[in-house]
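Here is the structure we will look at, set down as structure tokens.
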Amino acid sequence: MFLRKDTRPVKVGNLTIGGSNEVIIQSMCTTKTADVEATVAEILRLEEAGCQLVRVTVNNKEAAEAIKEIKKRIHIPLVADIHFNYQLALKAIENGIDKVRINPGNIGSRDKVEAVVKACKERGIPIRIGVNAGSLESHLLEKYGYPTPEAMVESALFHINILEELDFHDIIVSLKASDVPMAIEAYRKAAEVIPYPLHLGITESGTLFSGTIKSSAGIGALLSMGIGSTLRISLSADPVEEIKVARELLKTFGLISNAATLVSCPTCGRLDIDLFSIANEVEEYISKLKVPIKVSVLGCAVNGPGEAREADIGIAGGRGEGLLFRYGEMIRKVPEAEMVVELKKEIDSIVKVYEET
Ligand code: SF4
């Protein structure tokens, strides 16, 4: 487990972000928020995949109104993404939103900021300040010439200062950039001076393939430094894919306690079974499990039995058959055609043990 840098814990609905808590996975809906049916359906799919917090855009009155109904039908906290319009923020708060993403420095006059902060305080709702390298304040662009990590941190401190002056401290901060080294540096510098939880993200990172790599490189580097209390993988893809990537990334760093892990080999000339199909089918099967089991699918007897013994359940291929291992013990041989079925049966029985204990 990579230790997390200590931050102030911030409550969001029934979750606590920061402090010594696990890193929270979040995503954002792609639907029109006012389309309640479509938005709820997407959120329920995200929940099933393991999403713990979900954001919707609140860009008009209809979207702010829809929050009330959406909240009744979902099971995870809901975040309103708002740009500039303090009245939409007030409406979202009134309708039961759990967190608001808005930059106080962009709201306008002091009385508007005060109105939003007062409403958040009364209901215990936190505010996320979202700094984006692509939309830095003009005074910072004038000072630095172009977006830099230093300018991003200064922007975050500018917005934080406005909230702190109003004695508001339930703050979460993101410093997103699509340039990965810039984002890493901005978050690293921010972690040194900002006591609030950091929401990690590489913005506009691209498609499922390129975005997964860019996000994993950037967010992975930060997680390994102990930085980050919540994260969103931004992909030009079904948001459920964002959750799958986030869970896999957290597994890599031992930062998630309720996800199953697959170990599988790249195969080589020693292979005598159709390992790619077996590994893909098993990966799909375990992707929704909420228990920390390890499953290994190895192609042959060279590394197979060793790896399989390390896993809760594993298979090592042979010529048209495989050796099935459970908790390090070889339990039986199974023909290739039955490998997936037999593995699933064993996985189910291990999951049952977890669920009963
Ligand atoms: Fe090759 Fe066997 Fe290693 Fe897989 S486990 S890569 S088949 S030697």
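The values are calculated or read from the model by the stated rules, or taken from the named source; none is laboratory data. Owing to the predicted nature of the structure, the values given are computational and were not obtained by experimental measurement. When we count neighbours, we look across all protein chains shown, and the Cβ atoms used for this are built from the backbone with ideal geometry, even at glycine.
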**OP:** Read through the list (1) within 30 Å of residue 242 (Cα to Cα); (2) more than 16 Å from the ligand (Cβ to nearest atom); (3) surrounded by fewer than 20 Cβ atoms within 10 Å (Cβ to Cβ); (4) β-branched (Val, Ile, Thr), then give the number of the only condition that residue 331 fails.
**Re:** (1)
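Somewhere in region 68-75, is a residue within 27 Å of residue 287 (Cβ to Cβ), touching a Lys or Arg at 6+ places or on another chain (Cβ under 8 Å) and either crowded, with 18+ Cβ neighbours inside 10 Å or among the aromatic types (Phe, Trp, Tyr) (or both)? So that I can check it myself, show each step before the final result.
Initial filter on region 68-75 (within 27 Å of residue 287 (Cβ to Cβ)): 70, 73-75.
Okay, now just the ones that are also touching a Lys or Arg at 6+ places or on another chain (Cβ under 8 Å), so none.
The answer is no; no qualifying residue exists.
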**OP:** Pick out, from region 221-329, the helices (runs of 4 or more DSSP H) lying fully within it that include 1 or more residues that are among the aliphatic types (A, V, I, L, M) and more than 30 Å from residue 127 (Cα to Cα).
**Re:** 275-286, 304-310
**OP:** Determine the pairs where a residue that is more than 12 Å from the ligand (Cβ to nearest atom), located within region 251-274, has a partner that is part of a strand (DSSP E or B) with Cβ atoms under 6 Å apart, the partner being 6 or more residues away or on another chain.
**Re:** 251/261; 261/294; 262/295
**OP:** Consider only pairs whose beta carbons are under 6 Å apart and that are at least six residues apart or on different chains; among these, list those whose first residue lies in region 315-326 and is assigned by TED's automatic domain parsing to the domain that holds residue 299 and whose second residue is part of a loop (DSSP other than H, G, I, E, B).
**Re:** 316/301; 317/273; 317/299; 317/300; 319/272
**OP:** Can you confirm whether region 46-55 contains a residue that is over 13 Å from the mean Cα position of the chain (by Cα) and closer than 19 Å to residue 91 by Cβ?
**Re:** no
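Here are 344, 352, 294: which of them is on the phi < 0 side of the Ramachandran plot, basic (Lys, Arg) and free of Cβ contacts under 8 Å to residues at least 12 places away in the same chain? Explain how you work it out, then say what you get.
Numbers: 344 fails: free of Cβ contacts under 8 Å to residues at least 12 places away in the same chain; 294 fails: free of Cβ contacts under 8 Å to residues at least 12 places away in the same chain.
Going through 344, 352, 294 in turn, just one is on the phi < 0 side of the Ramachandran plot, basic (Lys, Arg) and free of Cβ contacts under 8 Å to residues at least 12 places away in the same chain: 352.
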Subject >> The lone exception for residue 234 - which of (1) of a type in the set (Ser, Thr, Tyr); (2) at pLDDT below 95; (3) crowded, with 20+ Cβ neighbours inside 10 Å it fails >> reply: (2)
Subject >> region 302-322 - residue that is more than 12 Å from the ligand (Cβ to nearest atom) and hydrophobic (A, V, I, L, M, F, W, C) and, of those, nearest to residue 352 (Cα to Cα) >> reply: 313
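Answer yes or no: is there a residue in region 289-301 that is among the charged types (D, E, K, R), surrounded by fewer than 21 Cβ atoms within 10 Å (Cβ to Cβ), more than 9 Å from the ligand (Cβ to nearest atom) and more than 18 Å from residue 49 (Cβ to Cβ). Walk me through how you get there before you give the answer.
So in region 289-301, the residues among the charged types (D, E, K, R) come out as 290, 294.
Pick out the ones that are also surrounded by fewer than 21 Cβ atoms within 10 Å (Cβ to Cβ) and you get 290, 294.
Subsequent filtering for residues that are more than 9 Å from the ligand (Cβ to nearest atom) retains 290, 294.
Subsequent filtering for residues that are more than 18 Å from residue 49 (Cβ to Cβ) retains 294.
Within region 289-301, one or more residues are among the charged types (D, E, K, R), surrounded by fewer than 21 Cβ atoms within 10 Å (Cβ to Cβ), more than 9 Å from the ligand (Cβ to nearest atom) and more than 18 Å from residue 49 (Cβ to Cβ).
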